[in-house]
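Data block below; observations after.
The values are calculated or read from the model by the stated rules, or taken from the named source; none is laboratory data. None of these values were measured; they are calculated from a predicted model. Counting neighbours? That spans all protein chains shown, and the Cβs are built from the backbone with ideal geometry, glycine included. Just so you know, the surface numbers come from the protein's heavy atoms only, side chains and all, with ligands and any DNA or RNA stripped out. Shrake-Rupley method; radii C 1.70, N 1.55, O 1.52, S 1.80 Å.
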Amino acid sequence: MKKSETLQKKIQNKSAKIAVVGLGYVGLPLAVEFANAGFDVTGIDVSADKVKKINKGQNYIDDVDSKLMKSLVKSGKLIATTNFATMKKIDCVSICVPTPLGKTGDPDISYMLAARDAILPHVKSPLLFVLESTTYPGSTNELIIPLMEEKGLKVGEDVFIAFSPERVDPGNPVYQTHNTPKVVGGVTKTCTKIAAELYSTVIEKIIPVSSCTAAEMTKLLENTFRSINIGLANEIAIMCKYLDVDVWEVINAAATKPFGFMPFYPGPGLGGHCIPIDPLYLSWKLKTLDYKARFIELADEVNSSMPEYVIALISDALNDKAKSIKKSKILILGMAYKKDIDDLRESPALDVYEYLESRGAKVSYHDPYVPQFKWDGGIIKSKVYSDKLIKSQDCVVILTAHSNIDYKAVVKNAKLVVDTRNATQGIKNKKIVKL
Ligand code: SAJ
């Protein structure tokens, strides 16, 4: 029997041993789905703390059902380890490690390479190797295949390699791992088939594509689409300010078009670990091929300029009250990078906080999801919300429109409100200055 058939059989009868490398917001939900489908799953992570928590049945990812995870750990279907040597008995592995930007703004693939290099010495054949981490087109071909072949493994016969982008949207109440269609692109048709076979055991809809590069590019198109359209929304907001038109009214009116339009909204900038970063992986790769990805770079320029644009809005609003940013008491409402979550990564609110502080404002914040954050070697704590707190401010700046804040009360008690998220929609009051 061919190795591919052996592997397919083991997937079909759930005797295949699965590993998931990287137990964050992508890897842990995936590991739990595979274990819940009946596979023996080994989660591998460099963080001993994550491993310890999982083996104690302690869930740390909101999207994971804690009771289910605890029962899977108890039954032995899900275990975690920092020891990559466990790969010796693994039949299928999914790599879900971070791919951030480095300090120079170029791709930082060090986590991906570290995972690859930790796995390679323990690879057994047959093995299905799937990369999920968002990366530049060509990564799987350039960084994985050659090293597998160096070990004498023939891709498509001894080892089966595919790329399958993660599409996890943390906190999404509708779409989770199991019901978000999964794109899968293998090096060979057999690779695609086996990868599709594995993922179809836990995900309702599999979308096979012709190659790893096509799958890598699919993911980058998805998030570049968002970054560019958010950049457009931000530039439209700037244009509307010049034209003295309410950008929110215009976007909401355009959104009534039942076809050919998809609303995006302006804001204080781009946060999160996907949208500000993924498009730059694409533009970086094209730069190596002497092509300038103009839309991506322009969108990045516009989106990155929004925190400063918000500072100018605050400065003008205070100026109209014969005040300056310097020495003014300014409260930021919402530090997280988007509403109703606690994630601060790349949050533009951090840039606004820094700008205000460096201009001498007495700046503080309130965020019901972010009790504190590390800052300048210390810790900044969220102020306890009260009408008194709002009344005491020269300006309240809404940067993230968490649903559990009463914006009517904010406007009632504030002297001045700068609203960058249309959180005060429908409230008519001269105190409100909108993006
Ligand atoms: N943002 C705007 N205006 C918008 C939409 C977003 O300013 O119209 C800002 C947000 O405030 C945030 C940033 O852009 O700071 C990113 O927001 P996002 O809604 O794209 O949320 P993310 O970063 O959580 O993106 C994830 C992505 N999921 C994956 O990469 C698997 C993205 O593909 C999803 O479409 C997105 O979630 C989603 O739809 O929530």
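Summary of computed values
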| read-out | value |
| --- | --- |
| Prolate/oblate/rounded label for the range 336-416 (Cα gyration tensor, a/c 1.5) | oblate |
| Gyration tensor (alpha-carbon) shape descriptor, the range 3-210, a/c threshold 1.5 | rounded |
| Of Val247, Ser227, Thr201, farthest towards positive along the dipole that unit charges on Lys, Arg, Asp, Glu beta carbons give the chain | Thr201 |
| Peptide ranges 35-45, 425-435 listed from the most packed, as the mean C-beta count within 10 angstrom indicates | 35-45, 425-435 |
| Accessible surface of Glu354 - all protein chains present, 1.4 Å probe, nearest 10 Å² | 100 Å² |
| Most mobile of Ala255, Ala214, Ala118 in a GNM of the chain (Cα contacts under 10 Å) | Ala255 |
| Centre separation in Å (Cα based) which lies between the range 405-435 and the range 1-47 | 49 Å |
| Separation between Cα centres of the range 232-266 and the range 63-108, rounded to whole Å | 41 Å |
| Three-way shape call for the range 293-435 based on the alpha-carbon gyration tensor, with the a/c threshold at 1.5 | rounded |
| Tilt relative to the chain, helix 189-199 - C-alpha long axis, 0 to 90 degrees, to 10 | 60 degrees |
| Size of electric dipole in the range 287-435: Cβ of Lys, Arg +1 and of Asp, Glu -1, about Cα centre, debye, nearest 20 | 860 debye |
| Under-5 Å amide H pairs with Val183, H placed in peptide plane, nonlocal only | Ile207 |
| Ordering of 391-397, 206-212 by burial proxy (mean other Cβ atoms within 10 Å per residue, highest first) | 391-397, 206-212 |
| Angle between the chain longest axis and helix 278-288 axis [Cα atoms, degrees, rounded to 10] | 70 degrees |
| Amide H partners (placed H, <5 Å) of Thr188, local residues excluded | Ile161 |
| The chain: antiparallel DSSP beta bridges as a percent of all, rounded to 5 | 15 percent |
| Fluctuation leader among Trp284, Trp375, Trp248 - the chain, Gaussian network, Cα springs under 10 angstrom | Trp375 |
| Backbone HN-Hα couplings from phi across the range 218-227 [Karplus 6.51/-1.76/1.60, Hz, Gly and Pro as x] | 4, 4, 5, 4, 4, 8, 5, 3, 5, 4 |
